[in-house]
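A quick write-up on the structure given underneath.
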Amino acid sequence: MNILSAALVSVIVLAQATQPPAQPQAPRGGGQGRGRGAIAPIALTTSAWVDGGSIPDKYAQPGHDVSPPFAWTNVPDNVASFVLIAHDLDAPTGGGVDDYLHWLVWNIPGADRALPKGLPQGAALPNGTRQISTTGPNYRGPAAPAGGAPHHYVFELFALDTMLDVPAVGAPPAQTRAAVVAAMSGHVRGKGVYTGTYRRPNP
């Protein structure tokens, strides 16, 4: 799969995630974990806001891009790693081929069941976790303009049966995102979705 094809796969999959589906789906082309059956629904939660509610300023750009805490349960067996993708459905980029990537975290250890508030900046963390956003190796908080409609932000957690051999440096974020989505193909065992909205306060 080339980079453009992978990017198209990514946006098709991510654009369908505004609501947690009754039967979670893997990224298109990803199958169902090499014949292991249906993808398990993971319960993804945060104490920062209610699902579908307004994201507080402290977890947005006005709050200096502090990443929110997340926790998850109902994880299937034999999970090797997790991937978290956070993106703005209302901010298309690249001529509509993709949307704005606020956070991509991959190779989260399979034994982990949470991400702490304020994950440190850096492309590679000590436990092997890797992260990027459109603007750097860190969480990029929401920043929908004041005066317009709130933007919708989707946080998707994927449980995989493998680690991903995708570096966090050396390529533009859009290419890294496409490479991660492509590498997930055939390895998704579970998925959880959490949503929020945000609009900058009026000056």
In which sequence would Val66, Val166, Val50 go, from the one with the fewest C-beta neighbours within 10 Å to the one with the most? Val50, Val66, Val166
Counting other beta carbons within 10 Å of each residue's own, what order do Trp106, Trp49, Trp72 fall into, fewest first? Trp49, Trp72, Trp106
Whole-Hz Karplus ³J(HN,Hα) for the range 188-203, in order, using 6.51 cos²θ - 1.76 cosθ + 1.60 and θ = phi - 60°, x for Gly and Pro? 7, 9, x, 8, x, 9, 9, 10, x, 10, 7, 8, 4, x, 5, x
When a footprinting reagent is the concern and you count Cβ atoms within 10 Å, what order do Leu89, Leu104 take, fewest first? Leu89, Leu104
Compute and list, largest first, the equivalent-ellipsoid semi-axes of the range 149-195 from the alpha carbon gyration tensor, each √(5λ) rounded to a whole angstrom. 21, 18, 7
The set of residues whose placed amide H lies less than 5 Å from the amide H of Ser54, leaving out same-chain residues fewer than 5 positions away, is Thr197
Taking N as the number of residues in the range 73-137, what value does Rg over Cα atoms divided by 2.2 N^0.38 Å take? 1.26
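Throughout, read-outs are computed from the coordinates displayed, never taken from laboratory work. On a predicted model such as this, the values are computed, not experimentally measured, just so you know. When we count neighbours, we look across all protein chains shown, and the Cβ atoms used for this are built from the backbone with ideal geometry, even at glycine.
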